[in-house]
1. Tell me which of these Gln199 doesn't satisfy, since it passes every other one: (1) over 25 Å from Ser101 (Cβ atoms); (2) touching a residue at least 24 places away in the same chain (Cβ under 8 Å); (3) outside any helix (DSSP H, G or I); (4) not β-branched (Val, Ile, Thr).
2. Specify which of the listed residues (Asn161, Asn157) is under 30 Å from Glu115 (Cβ atoms) and without any contact (Cβ under 8 Å) to a residue 24 or more places away in the chain.
3. If I filter segment 22-53 down to residues being at pLDDT below 60 and not aromatic (Phe, Trp, Tyr), which single residue comes out as farthest from Ser81 (Cα to Cα)?
4. Inside segment 176-193, can you point out the residues that are part of a helix (DSSP H, G or I) and either modelled with pLDDT under 90 or surrounded by 14 or more Cβ atoms within 10 Å (Cβ to Cβ) (or both)?
5. I'd like to check something: does segment 198-217 contain any residue that is surrounded by fewer than 18 Cβ atoms within 10 Å (Cβ to Cβ) and either within 22 Å of Tyr110 (Cβ to Cβ) or acidic (Asp, Glu) (or both)?
6. Would you tally the residues in segment 147-201 being aliphatic (A, V, I, L, M) and on the phi > 0 side of the Ramachandran plot?
7. Restricting segment 96-127 to residues that are of a type in the set (A, V, I, L, M) and surrounded by fewer than 22 Cβ atoms within 10 Å (Cβ to Cβ), which is nearest to Tyr215 (Cα to Cα)?
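The values are calculated or read from the model by the stated rules, or taken from the named source; none is laboratory data. Computed from a prediction, not measured in an experiment: that's the story for all the values here. Every residue, glycine among them, receives a Cβ derived from its backbone with ideal geometry; neighbour counts consider all protein chains shown.
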Amino acid sequence: MLIGRAFLLFSGVLLLLGVLRTHILPENQSFRLMMIIGCIFFIMGVGLEFPFYPLMFPFAVYGICLQAVGLLLFGAGVFMSIRRLYNQARMDSLTGVYNRSWGQRRLTSYVKQAERYNEVLSIIFIDIDDLKRVNDTFGHQAGDQVIRVIIDIVQQNTRKNDMLIRYGGDEFILVLPGIYRQGADLLNARLQEIIARTQIIPGQRISFSSGVATYPEDGRSAEALIKQADQRMYQEKLMIDKCNHR
């Protein structure tokens, strides 16, 4: 028993040193602090229980309680750290929407669900106009602000089960389960109107080009829908450029 307690004490010290030397999620120190406190409580508990365990004095009971609390705190810190890393792997850090790789997987599952239940699904491919000019003229912070405001507007005017994907630097895909082409077109026009009226950068008009594709008429896979919506977005951008140069 003494050897086992000595091993627990040695393991707790090593674990504490490992957490102190490893920067686990440095942008959120609360998780790391919880793990450190858990290690300290566990070491204190083993230290109290170690000399008194055979006699089960009150100090030994306190030691066991401290070990239990320490393990709970450490485990909670590890769990929340893993959960945060999992979310970081799925989400775009700037906007908080799905990143490209994870979003494409989700869109594929949406398409399979629509096929299974004979439902419709529409997507809107969004490309923010002249974002490079905004970055070059006003700086990347202004460009990031433009992206965040546009995403906020889109999320405020869509349903909870709709999904946004950051497909590229200034490209986003809005997934609309159960929405026909006509409904997607109406939503697209409303979003463009709202964003055109929103003053994000003083004196600058912000807009986006977009293309709509609907399952199953425009494609029966996520890749086919994205390709079709991207082509329609590109055609719209060309038309706008021609109008601007007349």
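1. Condition not satisfied by Gln199: (2).
2. Asn161
3. The extreme case among them is Pro51.
4. First, the residues of segment 176-193 that are part of a helix (DSSP H, G or I): 181-193.
The answer is Arg181, Gly183, Ala184, Asp185, Leu187, Asn188, Leu191, Gln192.
5. Taking segment 198-217 as the starting set, the residues that turn out to be surrounded by fewer than 18 Cβ atoms within 10 Å (Cβ to Cβ) are 198-205, 207, 216-217.
So of that shortlist, the ones also either within 22 Å of Tyr110 (Cβ to Cβ) or acidic (Asp, Glu) (or both) come out as 216-217.
Yes, segment 198-217 contains at least one residue that is surrounded by fewer than 18 Cβ atoms within 10 Å (Cβ to Cβ) and either within 22 Å of Tyr110 (Cβ to Cβ) or acidic (Asp, Glu) (or both).
6. Of all residues in segment 147-201, those aliphatic (A, V, I, L, M) come to 147, 149-151, 153-154, 163-165, 173-176, 179, 184, 186-187, 189, 191, 194-196, 200-201.
Remaining after also requiring on the phi > 0 side of the Ramachandran plot: none.
Total meeting the criteria: 0.
7. Our first condition is that a residue be of a type in the set (A, V, I, L, M); within segment 96-127, this holds for 97, 107, 111, 114, 120-121, 123-124, 126.
From the residues that got through so far, the ones that are surrounded by fewer than 22 Cβ atoms within 10 Å (Cβ to Cβ) too are 97, 114, 120.
Values: Val97: 22, Ala114: 8, Val120: 6 Å.
Among residues in segment 96-127 that are of a type in the set (A, V, I, L, M) and surrounded by fewer than 22 Cβ atoms within 10 Å (Cβ to Cβ), the one nearest to Tyr215 (Cα to Cα) is Val120.
Residue by residue, here is whether (1) without any contact (Cβ under 8 Å) to a residue 24 or more places away in the chain; (2) touching a Phe, Trp or Tyr at 6+ places or on another chain (Cβ under 7 Å) holds:
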{"site": "Ile82", "(1), (2)": "yes, no"}
{"site": "Tyr98", "(1), (2)": "no, no"}
{"site": "Arg106", "(1), (2)": "no, yes"}
{"site": "Ala114", "(1), (2)": "no, yes"}
{"site": "Glu119", "(1), (2)": "no, no"}
